[in-house]
Amino acid sequence: MALKVDDNIFVSKLDDLANWVRKHSLWPMPFATACCGIELMATASSRYDLARFGSEAMRFTPRQCDLMIVAGRVAMKMVPVMQRIWLQMPEPKWCISMGACASTGGVFDTYSVVQGIDRFIPVDVYVPGCPPRPEQVIRSVLDLQEKIQKGGTINGREFARRDTYEGPGDRLGELDPSEVVIAPGNFATGKRLRGLPLVS
Amino acid sequence: MNHQEAIDAKFGAESAMPTEFRDNKRLTVPLEKIYGVLAFLQVQRGFDMLCDLAGIDYLGYADATDRYGIVYSLTNTNSGERLFVKTFANDPDPEVPSVVDLWEAANWMERELYDLFGVKFAGHPDLRRILLPDEFTSHPLRKDYPMRGYGERHNFPTVTRAES
Amino acid sequence: MPLEAVASQYETGTDQEFLYTLNFGPQHPATHTTLRLVLTLDGETIVKAVPDIGYLHSGFEKLGEDLDFNQYVTIVDRMNYVSPVANEIAWHHTIEKLMGLEITPRCKYIRTILAELARISDHLLCVGAVALDLGGLTAFLYAFNEREKVYDIIENASGQRFHPSYTRVGGLINDVNDDFVTQVRAFVKSFPKAHSDVCRLLNKNKIFIDRTQGVGVLTREEAINRSCTGPVGRASGIARDLRKDEPYLAYPELQGAFKIVCSNGGDCLARYLVRMGEMVESVNIIAAAIENLPSGPVNIGTDSNVVIPDKSATYRSIEGLIQHFELFMWNRRFETPVNEVYGANETANGELGFYVVSDGSAKAWRARTRPPSFIHFATFPHLVEGHQISDVAAILGSLNIIAAELDR
């Protein structure tokens with residue numbers, strides 16, 4: 001009598017294999033906008049040498065990458081660019097938000113800086129610091145590798161479930177409504193302003 | 001003859017009001033004479049470099065009579081001398097003559113000043129916004145614009161995992 | 001930004017009318033950070049270049065009106081993030097000029113040493129990045145190895161390796177320790193070797209010279225008319241350096257230790273060579289300054305009502321505690337003259353000036369920056385016209401455009 005191996009077992013092993021392969025060949029796309037970009041360069045160069053962890057193959061075209069490292073603050077004019085680059089990356093893909101500015105806006109609580117990129121794209125790992133030390137960046141890559149090993153599936157089912165917005169809660173309540181609705185200009189308005197009259 | 005006397009001799013009395021603080025020598029020039037005075041300073045008095053162009057919004061400043069101050073920082077690259085020429089513009093339609101034909105460097109500086117303060121430069125070849133998006137309608141360095149803006153910074157659609 | 005297609009300047013019917021538009025940036029490795037160029041090309045030749053900036057506009061100057069003179073130093077740090085200390089020194093130089101403060105000799109020397117270290121670190125990154133963009137990775141690695149030593153020195157002095165926020169009105173946040181002196185001496189000793197390594201890699205490198213010589217020529221008249229300062233201006237023959245022309249900090253006493261490095265080439269190679277020469281002069285300044293480092297306090301006396309008392313004074317004496325409160329209560333702080341002042345320093349990129357308008361409080365009414373990167377980038381369309389598309393990287397790198405300083 002032949003032993004029948006359950007499908008589940010087989011699939012889970014293949015998942016593990018795929019995750020193991022993926023996590024050791026992360027190809028980062030350095031979306032470097034500001035100070036953190038210089039620390040990212042330091043991380044990749046002589047002393048800290050990110051190559052030790054299999055993530056040194058920085059590619060500047062999003063179509064060859066599977067890890068986006070957003071290093072630096074993202075200004076109003078840059079958001080559509082960032083989203084477009086994220087959409088151009090092939091699945092499976094991950095995102096590290098490097099530094100306080102990318103994660104929360106940092107010291108730049110001004111009219112033109114986005115208060116955290118997770119309002120607009122999904123983020124997997126946040127790195128604090130202004131800018132983070134290279135050791136922290138390396139740690140974040142290691143953490144992401146662990147996350148990939150633990151949670152990944154070969155056909156990306158873990159992403160299929162995540163169709164809802166994962167960023168901070170709706171923070172429009174913090175602003176005076178009179179300030180929000182009179183947003184001047186002809187910006188592409190979307191989900192962040194749902195329930196409010198759109199300004200044309 | 002110092003610069004102020006030379007300007008007064010050419011443009012009439014009280015064309016330049018001198019003030020001084022620390023090592024900064026300033027001349028306050030009325031708006032209608034500013035272009036002539038700057039051209040005179042460049043050609044006749046050797047101020048060949050426009051070092052900086054600063055805009056100031058005096059809304060709410062103690063004892064201020066005019067709203068927008070524009071400061072031309074001039075440098076003489078041969079002698080190292082500096083001179084600050086200041087003029088004022090007012091609402092509702094602040095407009096200053098452009099000095100791009102005197103100094104090419106003024107091109108972007110004037111565009112920046114227009115972008116952030118809304119002061120127009122008459123005769124500028126390409127007066128567009130430079131730092132902020134074209135859709136933006138405010139001038140953020142004016143004192144009546146809040147530091148956190150009116151919410152423009154979050155006026156974008158969100159991309160989720162499933163969409164990407 | 002919507003741009004209109006550039007009309008062909010040639011007769012219709014010739015094959016020259018097929019100009020096409022190439023979008024360069026805002027996310028491109030040769031732009032180093034975020035700036036966008038819309039290039040109109042005829043084959044590989046650039047007919048017209050239209051820069052589009054503002055992709056990193058973060059409202060620095062608006063923040064300058066909201067934070068007080070000591071707090072704003074953290075923001076100024078992030079302006080030219082390749083040499084943050086130099087920005088701090090320029091900012092507090094202006095504030096001290098506004099308030100008429102004379103800082104102590106020890107503070108002057110420490111600030112001078114840090115400013116020169118920042119200049120070296122900036123030039124190293126610029127030179128390394130130019131080499132990287134032109135295909136030579138090794139020079140970049142050598143340069144970064146040396147920059148790490150500068151980071152170590154700054155980290156030792158201030159506690160933060162990248163954005164130290166080290167200066168305060170009237171002094172520094174804390175004095176340096178003896179290790180600082182040892183480290184700086186070791187750096188002065190080890191730097192010439194790294195410098196000659198980079199020189200030997202690039203100075204006679206045929207590819208590097210072919211790609212930089214005669215590319216992006218800026219004549220002296222154009223450089224003056226377009227307000228170029230710093231290495232860009234000096235490479236075009238403007239023999240002007242604020243360290244010589246308007247000496248500040250400890251430079252009046254160190255005039256014998258350095259020379260102004262100039263060139264009249266005006267091309268990318270000249271800018272590279274000026275930067276390499278300036279690093280040697282900077283090391284000479286540091287060597288002279290560290291051996292003459294005066295003793296004494298780093299802050300001016302607490303009777304000036306400006307300096308933050310150190311922690312032991314705050315915790316153990318009533319005077320220190322009162323002064324601490326006076327400086328940090330939002331309705332007290334210190335008083336400034338109701339006036340406006342322009343102060344400038346020679347930083348690695350050129351003349352970094354601040355035009356500060358004060359309304360008598362501890363906050364600036366207006367904190368205008370004169371950003372060298374912004375002014376140098378304005379020359380870019382002029383420099384790149386008529387060159388090949390591969391020259392864009394060389395010219396951009398040689399101007400050393402730092403996006404945060406460009407957009408603020």
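The values are calculated or read from the model by the stated rules, or taken from the named source; none is laboratory data. All values reported here derive from a predicted model rather than from experimental measurement. Cβ sites come from the backbone with ideal geometry, for glycine too, and all protein chains shown count toward neighbours. Ligands, DNA and RNA are excluded from the accessible area calculation, which covers all protein heavy atoms including side chains. Shrake-Rupley method; radii C 1.70, N 1.55, O 1.52, S 1.80 Å.
Once the dipole of the protein assembly as shown is set up with Lys and Arg at +1 and Asp and Glu at -1 on Cβ about the Cα centre, which of B:LEU41, C:LEU41, A:PRO80 lies farthest towards its positive end? Going by the Cα projections, it comes out as A:PRO80.
Normalised by residue count, the range C:70-157 yields a Cα convex hull volume of 90 Å³ per residue. The heavy atoms of C:LYS206 present about 140 square angstrom of accessible area, all protein chains included, probe 1.4 Å. With all protein chains in place and a 1.4 Å probe, the accessible surface of the range A:9-162 carries 60 percent carbon and sulfur. Per-atom-type breakdown for the range B:3-154 gives carbon and sulfur 47% of the accessible area (1.4 Å probe, protein chains only).
Using a Förster distance of 56 Å, how high is the FRET efficiency between C:SER390 and C:GLU155, based on the Cβ-Cβ distance and rounded to 0.05? For R0 = 56 Å, the calculated efficiency reads 0.90. Span-like helix check, chain C: qualifying full DSSP H segments, with Cα axial length of 20 Å or more and mean Kyte-Doolittle of 0.0 or more, are C:105-133, C:178-202, C:268-291. Take chain C, drop everything but the C-alpha atoms, weight them equally and run the Debye formula without solvent; then report log10 I(q)/I(0) at 0.07, 0.10 Å⁻¹ to two decimals. At q = 0.07, 0.10 Å⁻¹ the computed log10 ratios are -0.35, -0.69.
When all alpha-carbon pairs of the range C:270-400 are counted, what percent fall beyond 22 Å? Value for the range C:270-400: 65 percent of Cα pairs lie more than 22 Å apart. List the lysines whose alpha-carbon lies under 30 Å from that of C:LYS108, not counting same-chain residues fewer than 8 positions away? Once the sequence-local lysines are set aside, what remains near C:LYS108 is B:LYS25, C:LYS62, C:LYS97, C:LYS149, C:LYS189, C:LYS193, C:LYS244, C:LYS259, C:LYS311, C:LYS363. With both labels modelled 7 Å from their Cα along Cα-to-Cβ, the A:TRP27 to C:PHE325 distance reads 6.3 nm. Computed with a 1.4 angstrom probe on protein heavy atoms, the C-B interface buries about 4100 square angstrom of accessible area in total.
Run the quick spin-label model on C:ASN339 and B:ALA62: label points 7 Å from Cα toward the beta carbon, then report their separation in nm to one decimal. The two pseudo-label positions are separated by 1.5 nm.
Based on protein heavy atoms only, the range B:3-154 ends up with 38 Å² per residue of surface accessible to a 1.4 Å probe.
If R0 equals 22 Å, the separation of the Cβ atoms of A:ARG59 and A:ARG139 corresponds to a calculated FRET efficiency of about 0.50. Calculated [222 nm] ellipticity per residue, helices only, for the protein assembly as shown: -11500 deg cm²/dmol; basis is -39500 (n - 2.57) per DSSP H run with n ≥ 4, divided by all residues, nearest 500. Projecting the Cα atoms of C:THR379, C:TYR109, C:ALA143 onto the charge dipole of the range C:60-407 (Cβ charges, centred on the Cα centre) puts C:ALA143 farthest toward the positive pole. Heavy atoms of the protein chains alone define the surface here; on that basis the range C:60-407 has 33 Å² accessible area per residue at 1.4 Å probe size.
Take the Cβ atoms of A:LYS150 and A:ARG52, set R0 to 25 Å, and the FRET efficiency comes out at 0.70. Note on the protein assembly as shown: Kirkwood hydrodynamic radius from all Cα pairs is 27.6 Å, rounded to one decimal. A simple spin-label model places the labels of A:GLU158 and C:TYR315 4.6 nm from each other, with each point 7 Å out along Cα-to-Cβ.
Using a probe of 1.4 Å, the accessible surface attributed to B:LYS86 totals some 20 Å² when neighbouring protein chains are kept in position. In terms of its Cα atoms, the range A:9-162 spans 52, 37, 24 Å along the principal axes, sorted from long to short. Carbon-plus-sulfur accessible fraction, the range C:130-247 (probe radius 1.4 Å, protein heavy atoms only): 53%. Computed with the Debye formula from one identical point scatterer per Cα of the range B:65-140, without solvent, the log10 of I(q)/I(0) at q = 0.15, 0.16, 0.19, 0.24 Å⁻¹ comes to -0.56, -0.63, -0.84, -1.18. The charge dipole of the range B:3-154, taken about the Cα centre with unit charges on the Cβ atoms of Lys, Arg (+1) and Asp, Glu (-1), comes to about 260 debye, rounded to the nearest 20.
Among beta bridges identified by DSSP and lying wholly in the range B:3-154, the antiparallel ones come to about 80 percent. A dipole drawn for the range C:60-407 from +1 and -1 charges on Cβ atoms has a positive end, and of C:GLY128, C:ALA90, C:LEU67 the residue lying farthest that way is C:GLY128. What's the total accessible area buried between chains A and B, using a 1.4 Å probe, rounded to the nearest 100 Å²? Counting both chains, the buried surface is close to 3400 Å².
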